[in-house]
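Heads up: the structure comes next, in structure tokens.
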Amino acid sequence: MIDYKQKVKDKKEEQSELESRWIADEELLYLDKYIMKDVAGNPVPDIVNVTLNRPAVFAANIISALGSTVEQVVVESEDKNIDTAYIEDFQKRAFASANSGLRVQGRTLLNPFFDTQLCIRGRAAARCLFQMINGELVTDIAPWDARYVTYEMGTNGLEWAAYETTRTKAMLEVEYPDITVTGKSIKVLDVWDTEHNEVWVADKKIFEQEHPFGFCPVVIQIVPLGYGSILLGTNRIKHEGESIFFLIRDVTSELNRLISIMQTLNLKAVKPPMKQKKLGGGKPAKYEDVTGMGAVTAMEPTEDIVPIDYGDAQRSAQMAYGMMDKAMQEGSLSSIDLGTLQFQLSAVALIEIGEGRDQVFIPRLSAKASINQQLAEMFTKQVGLIGGSIGLGVSGHKRNFDVSKLEGEYETTYRYLVKDAKVDAARFSMAASAGYLIPDKAKRRDILQREDPDEDERQLRWEEAEKLSPAIKMRRTIETLIEMEEDEEAQLMSDEMGINLEQMLSGNLQQQPKPEEPQKPQPMMPMFGGGSSAKKASMLQQTPRATVEEE
């Protein structure tokens, strides 16, 4: 029998450096108070310690941006007998049902949880169980905090995964009423492998059960940044799945140091240290007596009281701050990315900025898409073991699904697209400026980057039909009036439509309604700017995006 308690202990020791990295990232996220220390690690006295909010602002913007992305689910198959729309609906309802369960428990929903995990931990994990309990399908997807997850991969996927949490006495007694808990809280270890599940409380196994899945019902996805899975050095684990802070982790502490130095120097400028030349030595004058407003101090001609010159440290600190601030912007988000510029940018400049900013998101979006795709594949396999017909969805919007229709060869792809109103407007301007030089489909696919350009084409053709044919427009209007129960107006328009048809059949085309003229698309903003904006847009193209300063 495998001793999972020991395996978890060994894994935790193996990833101890990774644990230290996670703790450091949490301190950045929560803006732990900065304390300047000397080379020996001792706090430096008489320092105005300053903690900048840059890491928290950076994290808030990235996590919020990930949460505002547009989800696109596509199921594709070469088998024409597979109803891909049916499978897409099944997956959407499955996730909605699982989120509903989390909402009832007062827990964070799946995607928001994954967004934060992928940004701060550099990975995300979840345990997935779709089971029939008392004749009802229970959709249980539990997101796990990756800091407390240990696991081992095998040749066929995940061999086992464990989640160690701290739970209150009340929570444990509700879930496991047969055990006796001492103390207010206690650590619980939940272990899953390809065959069974076991639970440990305070180094004692209190629960064990087999499961029928044939695979470990846990999914884990690591962000492909940090290179720990590529550069296989002895300390590679601490570099696996880097957080959004990995380019600014060390710079942040140095920036806090510089700001603290500058603030300390500013305070010294207000109340500088003094030196006093005094005949015969003795006790110096009180600081307030010689520096107070309107103070008069009597002394011998050879005596003096002057501020101590501590050099041009302030200018040096300001120069160093400029370099550190540039490094911070290059590793996070610049003022351009945050939308704090005070001048209008051209369409080209906005698109370039948007593409540069998206590089921060792309690794997280790919990992988010992958973990949701894995979950979809996993719960589909689990309901396949149940078979028959299952009810799925949130309360009031459930639908019965025939499990046999979920079988077959098909591929599910999840995509998350970043939407930005300014960048979208810039793309529309570029598409309009292209005119008839390239096909409209290419504009939608390559310039506008629409999620489904083929569906856009079909919808546009449907709308164009009533612009080309007044009869089609009248018919659709009549159908709408009938749906709105405006029967009298629908009848009047129907009679008018009948008269027009009679005139057309008799060859009288002069009285017919004219088709609408198609509107010509107009750019929403200048392509390359104008005036001062053009000059600044040109500067943006020649200057690294992180070095452009606010005006």
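The table that follows gives values for the structure above.
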item	result
Inter-probe distance in nm under a simple model that places probes 7 Å from Cα toward Cβ, at Thr413 and Ala471	4.1
Pairwise FRET efficiency - Ser253 versus Ile305, Cβ, R0 = 45 Å, nearest 0.05	0.75
Backbone HN-Hα couplings from phi across the stretch 381-396 [Karplus 6.51/-1.76/1.60, Hz, Gly and Pro as x]	5, 5, 6, x, 6, 6, x, x, 10, 10, x, 9, x, 7, 4, x
R0 of 35 Å, Cβ-Cβ distance Met132-Lys5: FRET efficiency to nearest 0.05	0.65
Cα point-scatterer Debye curve for the stretch 356-501, base-10 log of I(q)/I(0) at q = 0.15 Å⁻¹	-1.02
Approximate spin-label separation Lys277-Tyr227, in nm, with each point projected 7 Å along Cα-to-Cβ	6.0
Members of Lys405/Lys441; Lys9/Lys169; Lys443/Lys467; Lys80/Lys473; Lys33/Lys238 lying beyond 27 Å, as alpha-carbon distances in this model show	Lys405/Lys441; Lys80/Lys473
Virtual paramagnetic centre 7 Å along Cα→Cβ of Lys92, amide N under 18 Å, in the stretch 399-413	399-402, 406, 411-413
Distance between the stretch 366-393 and the stretch 1-40 - C-alpha centres, whole angstrom	33
Taking Phe207, Phe58 and counting other C-beta atoms within 10 Å, the order from fewest to most	Phe207, Phe58
Calculated FRET efficiency for the pair Asp456/Glu27, C-beta based, R₀ 35 Å, to 0.05	0.15
Spin-label model distance (nm) - Glu159 vs Lys37, 7 Å beyond Cα toward Cβ	3.7
All lysines inside 28 Å of Lys277 as judged from Cα atoms, apart from same-chain residues fewer than 8 positions distant	Lys268, Lys286
Net +/- balance of residues flanking Glu17 in space, Cβ distance below 14 Å, scoring K and R +1, D and E -1	+1
Euclidean distance of C-alpha centroids, the stretch 95-123 and the stretch 204-254, integer Å	18
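Rule-based calculations on the coordinates, nothing more; no lab input. Quantities reported herein were computed from a predicted structural model and do not represent experimental measurements. Cβ: placed from backbone, ideal geometry, glycine included. Neighbour counts: every protein chain shown.
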